[in-house]
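Everything below concerns the one structure shown next.
What follows is calculated from the coordinates using simple rules that are stated; it is not laboratory data. All values derive from a computational prediction rather than experimental measurement. Here the Cβ positions follow ideal geometry from the backbone for every residue, glycine too, while neighbour counts run over all protein chains shown.
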Amino acid sequence: MTVILDDTNELTQRLAIRAVIEDWVLLRDAGRWEEFEAVWHSDGWMTATWFQGPYLDFIAASRRGFENGTQILHFLGGHTSAISGHRAIAETKMKIEQRAHLDGVEVDVTCTGRFYDFLELRDGRWGIVRRQPVYESDRIDIVDPGTTIHLDRDLLASYPRGYRHLGYLQENNGMTVLRGLPGLQGDAVDLLRHEGSGWLAGSEQPGHRLGDSA
């Protein structure tokens, strides 16, 4: 659902921003790709454990995975936003759930974190200019409790703490996983907050997108 605003009331703006975040999850996970495009602006940029690049490339990659049976689902929790003129930073608690096979055993990985979104109001519509998830913690569960798996502990420890099980599963299933993404603490999340403050203050770009130098 695209929300066109004719009211500058702050509560109205916050609700419109929240609607963009809700639409992102519902439309993407349902495979409603044409509608999903409407949550982005034309220069929108997405970073995830397995992807970095323009939003249209993200949609294309997500669509291929969806049609090939890749199951990655998102769930939202608490939300806040800071608005400065036609710009905003939104933070939304979230969970990512991926179901896949690991050495022939069906497992679920659940990753808890936040969506950190750079948004802008253009032509009366809020849209995402950059989305950077923050990965805080994760876990792995076996779908059938009668089966077992054996993880390579050294390999598992090579992934960042906030998404090590998710990274382990994704690379086992042929994805290339980015290192150095923001977590609960550390330089990467401190830099992200600094970039968010810059965006609200009028910076030319929404921070340093990892894909720019990858």
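Spacing of the modelled spin labels on Arg63 and Asn172, each 7 Å from Cα toward Cβ, amounts to 3.1 nm.
Among Arg28, Arg164, Arg139, the largest mean-square fluctuation in a Gaussian network model of the chain, built with springs joining Cα atoms closer than 10 Å, belongs to Arg139. Report, to the nearest 10°, how far helix 187-200 tilts away from the longest principal axis of the Cα atoms in the chain, using its own Cα long axis and a range of 0 to 90°. Roughly 20 degrees, rounded to the nearest 10. Within the chain, the percentage of alpha carbon pairs spaced more than 30 angstrom apart rounds to 22%. In this rough spin-label picture, where each label sits 7 Å from Cα along the Cβ direction, the Glu35-Leu76 distance is 1.3 nm. For a label point 7 Å from the Cα of Val105 along Cα→C-beta, name the residues of region 169-209 whose backbone N is under 16 Å from it. Zone members listed by number: 169-170, 172-173.
Using only side-chain charges placed at the Cβ, +1 for Lys and Arg and -1 for Asp and Glu, the dipole size of the chain relative to its Cα centre rounds to 260 debye. Legend: calculated FRET efficiency, Ala157 to Lys93, from the Cβ-Cβ distance at R0 = 25 Å, rounded to 0.05, equals 0.45. When the alpha carbon coordinates of region 1-128 are projected onto the principal axes, the ranges are 54, 26, 22 Å, largest first. Farthest toward the positive end of the dipole of region 80-141, out of Gln132, Val109, Gly85, is the Cα of Gly85, where the dipole comes from beta carbon charges about the Cα centre. Length gained on full extension, Asn9 to Arg122, computed as 0.36 nm times the residue gap minus the Cα-Cα distance: 39.1 nm.
Taken about its Cα centre, region 102-168 carries a charge dipole of about 460 debye when Lys and Arg each add +1 at the Cβ and Asp and Glu each add -1 at the Cβ.
In the chain, helical runs assigned H by DSSP with n ≥ 4 each contribute -39500 (n - 2.57); averaged across all residues and rounded to the nearest 500, the mean residue ellipticity at 222 nm is -9000 deg cm²/dmol.
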